[in-house]
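Colleague: The structure is given below, and queries will be raised subsequently.
The values are calculated or read from the model by the stated rules, or taken from the named source; none is laboratory data. Predicted model, so just to flag it, every value in this text is computed and none were measured. Because the Cβ atoms are built from the backbone with ideal geometry, glycine has one as well, and the counts that use them run over all protein chains shown.
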Amino acid sequence: MLGIKSAPLEFGVEGKHRWLYIKDLLKLRIEGIAGADPYQEAVIVNPAFFAVPGSNPVIAKSNKYMFNDHGMQWDNSGKNSFYCKFKYTSS
């Protein structure tokens, strides 16, 4: 673990676009890729391994993905990405 800190964040969804901003730390904007039907996102159906079991991830690209914290810095803008719906609950 490198550390813990409080920071305001902004998350949003608009159509095929998703974004997450954490002030001074992260700028992330992704966009779902159109499938054969240009009005629907391309998905991977029934993947063997995925971060959210039972979900079909949407194939996306990162329009902006910049991170800078704890002495680490990278820019993965323009790379591949995935997203899916999930529900978080605490036990």
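Colleague: Tell me whether region 53-65 contains one or more residues that are in contact with a Cys (Cβ under 6 Å, 6 or more places away or on another chain) and in a loop (DSSP other than H, G, I, E, B).
Modeller: yes
Colleague: Filter region 58-83 down to the residues that are loosely packed, with under 15 Cβ neighbours inside 10 Å, in contact with a strand residue (DSSP E or B) (Cβ under 8 Å, 6 or more places away or on another chain) and among the hydrophobic types (A, V, I, L, M, F, W, C) and list them by number.
Modeller: Within region 58-83, just Trp74 meets the criteria.
Colleague: Got a number for residues in region 38-57 being loosely packed, with under 10 Cβ neighbours inside 10 Å and not aliphatic (A, V, I, L, M)?
Modeller: Number of matching residues: 6.
Colleague: Same structure, new question: Contact list please: Cβ distance under 8 Å, first residue in region 13-37 and closer than 12 Å to Ala60 by Cα, second residue buried (at least 16 other Cβ atoms within 10 Å of the Cβ) and among the hydroxyl-bearing types (Ser, Thr, Tyr), pairs at least six apart or on different chains.
Modeller: Arg18/Tyr83; Arg29/Ser62; Arg29/Tyr65; Ile30/Ser62; Ile30/Tyr65; Ile30/Ser81; Ile30/Tyr83; Gly32/Tyr83
Colleague: Hey, another quick one. Please tell me if Ser90 is in a loop (DSSP other than H, G, I, E, B), under 26 Å from Leu2 (Cα atoms) and modelled with pLDDT of 90 or more.
Modeller: No, not satisfied.
Colleague: I'm trying to understand the selection: among the residues of region 1-18, which are under 18 Å from the mean Cα position of the chain (by Cα), loosely packed, with under 10 Cβ neighbours inside 10 Å and among the small types (Gly, Ala, Ser)?
Modeller: Gly15
Colleague: Continuing with the same structure: Does region 37-50 contain at least one residue that is in a strand (DSSP E or B), among the charged types (D, E, K, R) and out of contact with any helix residue (DSSP H, G or I) (no Cβ under 8 Å at 6 or more places or on another chain)?
Modeller: yes
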